[in-house]
Structures are given as structure tokens and as C-alpha cells.
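Engineer: Sharing a structure below in C-alpha cells format, with a few things to ask.
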Amino acid sequence: MDHGPKEGDSAGAAPGDGGRGAASSSGGVVVQVREKKGPLRAAIPYMPFPVAVICLFLNTFVPGLGKQVDELRY
């Protein structure tokens with residue numbers, strides 16, 4: 001009886017995983033997707049979510065704060 005990998009099985013599967021390769025415990029196949037970022041998307045700055053919430057709060061409840069702080073510098 002041949003216990004080697006069958007056609008479609010992963011030949012480089014680790015011992016002890018039953019020859020499943022990249023299969024999950026539920027029997028499905030795990031697919032990894034990588035999102036490509038073009039030059040335009042890479043040029044858009046990213047703001048962390050907590051900083052965005054702080055800016056939203058300040059712009060909503062203390063409008064003009066930036067101008068007032070700027071005027072205090074001079």
C-alpha cells in the first residue's frame with residue numbers, strides 16, 4: 001500500500017499534519033490575499049484611528065482652536 005502524497009496533496013507537508021498542507025482544521029483551503037497599493041494610494045497619508053477621533057472631537061466642539069493656538073505664538 002502506498003502512503004505517499006496523492007495527486008493534489010502537498011508534497012512538502014509537515015509530518016503530523018496528515019498531509020493536508022495548507023488546509024484548515026475544518027477541511028477548507030486557506031487563501032492568502034495581498035492588496036497591492038498603487039502610487040496614488042501610497043501617496044495618501046494615513047492617520048491612526050485614535051488620532052482621527054481626537055481631531056474629530058476638537059473640530060466639532062472647539063472649532064478654531066488651531067488658529068487661537070497659532071495666534072498665541074506671536
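The values are calculated or read from the model by the stated rules, or taken from the named source; none is laboratory data. Please read these numbers as outputs of a predicted model, since none were measured by experiment. With ideal geometry, Cβ positions are generated from the backbone for all residues, glycine too; neighbour counts draw on all protein chains shown.
Engineer: Just to be sure, is residue 10 in a loop (DSSP other than H, G, I, E, B), surrounded by 10 or more Cβ atoms within 10 Å (Cβ to Cβ), modelled with pLDDT under 80 and among the polar types (S, T, N, Q)?
Structural biologist: yes
Engineer: Keeping to the range 48-57, report how many residues are part of a loop (DSSP other than H, G, I, E, B) and surrounded by 10 or more Cβ atoms within 10 Å (Cβ to Cβ).
Structural biologist: Counting residues in the range 48-57 that are part of a loop (DSSP other than H, G, I, E, B) and surrounded by 10 or more Cβ atoms within 10 Å (Cβ to Cβ) gives 0.
Conditions (1) in contact with a Cys (Cβ under 8 Å, 6 or more places away or on another chain); (2) part of a helix (DSSP H, G or I); (3) exposed (fewer than 10 other Cβ atoms within 10 Å of the Cβ); (4) at pLDDT 80 or above, marked per residue:
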{"site": "2", "(1), (2), (3), (4)": "no, no, yes, no"}
{"site": "18", "(1), (2), (3), (4)": "no, no, no, no"}
{"site": "21", "(1), (2), (3), (4)": "no, no, no, no"}
{"site": "36", "(1), (2), (3), (4)": "no, no, yes, yes"}
{"site": "40", "(1), (2), (3), (4)": "no, yes, yes, yes"}
{"site": "66", "(1), (2), (3), (4)": "no, yes, no, yes"}
{"site": "72", "(1), (2), (3), (4)": "no, yes, yes, yes"}
